[in-house]
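Engineer: Before we start, here is the structure in question, set down as structure tokens.
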Amino acid sequence: AVERSQKQTLNPQDMKILFVEDEDSVRAFGVRALKKKGFAVTACNSAENALEQLKNGEVFDLLITDMVMPGLSGADLAKEIKKSLPDIRIILASGYSEEIARRELAGSEDFEFIAKPYSLGDLTNKVFSVLNR
């Protein structure tokens with residue numbers, strides 16, 4: 001039998017990603033990278049904007065959010081979204097260390113972390129690995 005690589009088991013077209021980042025350039029860069037890989041991506045510039053998407057009944061497989069944003073933080077957004085989408089996978093992005101991120105989400109180990117700044121490769125590899133788990 002031919003070994004199938006992990007990447008083939010995941011069909012990006014079936015995956016909906018909610019990408020939340022208040023910095024326009026970072027958001028544009030991340031969304032473009034993920035769309036190139038075939039993912040359906042909804043971009044939001046704030047946590048409040050992301051919560052609006054959920055009120056519209058949207059369902060997502062993955063949340064990628066910046067930790068530090070004006071208004072609701074990425075950590076708080078992650079907790080809110082988990083309430084309505086308990087199976088959603090979460091990637092928190094931060095210029096701070098993973099240790100600080102984990103402290104802010106104490107009691108919730110249910111997320112992955114990516115350090116900023118990240119490359120396109122870092123981002124897409126992280127997304128594939130999280131969605132393939």
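The values are calculated or read from the model by the stated rules, or taken from the named source; none is laboratory data. None of the values given here were measured: they were computed from a predicted structure. Please note: Cβ atoms are built from the backbone with ideal geometry, for glycine as well, and neighbour counts cover all protein chains shown. Only protein heavy atoms, including side chains, enter the accessible area calculation; ligands, DNA and RNA are left aside. Shrake-Rupley method; radii C 1.70, N 1.55, O 1.52, S 1.80 Å.
Engineer: Residue under question is V68, and the condition is that it be without any contact (Cβ under 8 Å) to a residue 60 or more places away in the chain, farther than 25 Å from L10 by Cα and under 15 Å from the mean Cα position of the chain (by Cα); does it hold?
Structural biologist: Working: without any contact (Cβ under 8 Å) to a residue 60 or more places away in the chain: yes; farther than 25 Å from L10 by Cα: yes; under 15 Å from the mean Cα position of the chain (by Cα): yes.
In short, yes.
Engineer: Filter region 1-30 for residues that are farther than 19 Å from C44 by Cα, at pLDDT 90 or above and charged (D, E, K, R) and give the result.
Structural biologist: If the condition is that a residue be farther than 19 Å from C44 by Cα, at pLDDT 90 or above and charged (D, E, K, R), then D14 is the only one that fits.
Engineer: What are the pairs with Cβ atoms under 8 angstrom where one residue, in region 94-107, is at negative phi and the other, located anywhere, is open to solvent by 90 Å² or more (accessible area, probe 1.4 Å) and modelled with pLDDT of 70 or more? Sequence gap at least six, or different chains.
Structural biologist: G95/P117
Residue by residue, here is whether (1) free of Cβ contacts under 8 Å to residues at least 60 places away in the same chain; (2) out of contact with any strand residue (DSSP E or B) (no Cβ under 6 Å at 6 or more places or on another chain); (3) not small (G, A, S) holds:
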| site | (1), (2), (3) |
| --- | --- |
| I17 | no, no, yes |
| A33 | no, yes, no |
| K55 | yes, yes, yes |
| F60 | yes, no, yes |
| K79 | yes, yes, yes |
